[in-house]
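Structure record follows, encoded as structure tokens.
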Amino acid sequence: MTAFLSFLPMIVAPFVLCIWSLVSAYVFKLGVRGSGIGFDYIVFTLVVVLGCVLGGVF
Amino acid sequence: MREDDGEKRVYSPDIQPYSFEGKSYFIGTIVSIVVAPIRIVTRIMHNIIVMPANLQRQYSQGLFIVAGLMTALGIVDFVWRQHWPLLVSQLPLFWVAYHLKRTAVRAEDVAEEQREIDIDHAQVEELINTVYDELDKILKE
């Protein structure tokens, strides 16, 4: 179980990073109301970066 | 009457309801921090699914740039620290961007073909009058 949990970030991270890139491309290219660079995007980016750093992905 | 200047302007609906919008003050801020990632991901994923062709083309260009930059960082991370997830996560996005661009080009070609129609002047007048009649009815109600 511990071994699985230690490897879990490496399984989840590619999916999360994939979604982050899809969202970032939309935000930077087509940013519209509610989906541009703002509070939501900053929090989402921070959560992804923190998760990846704590999970040992970066 | 609006002139057609050749540019296709398409409204991209953002119909995701704002029901997730939190209240202000301390509790609201905490709730917003928890909800923000879910809100932006659901909203943008929905918008990507319903995206019209001309925006798909623009979006695919943006996706190529983002995926390219992140792949470059992924290569650095892989060579420097032997971490693979960043590099691996970006590879499918090139296919997604290519697929979106191809879909957009096909849709724009179809739209271009359908722009010219054979219609009689009298038929056009009749059609417009029908629309005005309907509008009059609505305004009177």
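Other protein chain C-beta atoms within 10 Å of residue C-beta, averaged over A:35-45: 5.
With r as the distance between the Cβ atoms of residue A:3 and residue B:103 and R0 = 41 Å, compute the FRET efficiency 1/(1 + (r/R0)^6) and round to 0.05. Kindly include the intermediate steps, with their values, before the conclusion.
Details: r = 42 Å, r/R0 = 1.03.
After rounding, the FRET efficiency stands at 0.45.
Calculated on the Cα set of the stretch A:7-54, radius of gyration then Dmax: 11.7, 38 Å.
Seen against the Cα atoms of chain A and their longest principal axis, helix A:2-30 is set at about 10 degrees.
Divide by every residue of chain A the summed helix terms, -39500 (n - 2.57) for each DSSP H run of at least 4, and state the resulting mean residue ellipticity at 222 nm, rounded to the nearest 500 deg cm²/dmol.
Details: 2 runs with 45 residues, N = 58.
Using -39500 (n - 2.57) per qualifying helix, the result is -27000 deg cm²/dmol.
Oblate is the label for the stretch B:18-114, because a/c, from the alpha-carbon gyration tensor with a ≥ b ≥ c as root eigenvalues, is 1.5 or above and a/b does not exceed b/c.
Relative to the longest principal axis of the Cα atoms of chain A, the long axis of helix A:39-54 makes an angle of roughly 20 degrees. How high is the FRET efficiency between residue B:138 and residue A:32 when r is their beta carbon distance and R₀ equals 30 Å, given to the nearest 0.05? E between residue B:138 and residue A:32, to the nearest 0.05, is 0.50.
Since every read-out is calculated from the coordinates, none of them should be taken as a lab result. Note that the coordinates shown come from a computational prediction; the quantities given were computed from them, not determined experimentally. A quick note on method: Cβ atoms are made from the backbone with ideal geometry, for glycine too, and the neighbour counts reach across all protein chains shown.
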